[in-house]
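The values are calculated or read from the model by the stated rules, or taken from the named source; none is laboratory data. The model shown is predicted, which means the values in this text are computed figures rather than measured ones. In this analysis, Cβ positions are derived from the backbone assuming ideal geometry, glycine residues included, and neighbour counts consider all displayed protein chains. Keep in mind that these areas ignore ligands, DNA and RNA; they rest on the heavy atoms of the full protein, side chains included. Shrake-Rupley method; radii C 1.70, N 1.55, O 1.52, S 1.80 Å.
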Amino acid sequence: MGAVLSAVATGLSLVSGASSILGGISGNQEAGRQSELAAQQAEARAVEQERVAAKEARFEQEDADDTARRQKIAFLSSGVSLAGSPLLAISETRRRGAENVEEILKSGSAGASAARAEGRTQASQYQSSGRQSFTSGLVRGAEN
């Protein structure tokens, strides 16, 4: 009877150890899926930030161009030559528009870079968690 109980206890210990190992493997696989998802979501956010910035930049450029055209028409319709100060005013409008466009694009690019970096960090954390789960499953399995 003692031998049977010992065999049953050994069998239960092996099952428990295998279960711990499988749990660690499963935790590692799930962390890998979460890591991939985090990276994909971060990339999607980055692409969207770049798209929005490009759209805003296009609108800003169109607005600057429209303003310069209106200035030109206003000067010409009032009989003022475009030489000298009027031309400088139009040039300044275009320059400021170009600066604004550049700033919008830089902001979008910086936001996209930040989103990608955040995604890499989050993915790395998931991978680390998965490795810890796997390691701890192996250790628990070996202890049984």
Practice item. Among the residues of the range 64-98, count how many are part of a helix (DSSP H, G or I) and open to solvent by less than 80 Å² (accessible area, probe 1.4 Å). Key: 16
**Study point:** Subset of the range 110-140 [at pLDDT 85 or above and of a type in the set (Val, Ile, Thr)]
**Key:** 121
**Study point:** Test set (1) over 30 Å from residue 132 (Cβ atoms); (2) open to solvent by 90 Å² or more (accessible area, probe 1.4 Å); (3) at pLDDT below 95 - residue 36 fails condition number
**Key:** (1)
Review point. Mind checking which residues of the range 78-129 are touching a Lys or Arg at 6+ places or on another chain (Cβ under 7 Å) and under 19 Å from residue 46 (Cα atoms)?
Key: 115
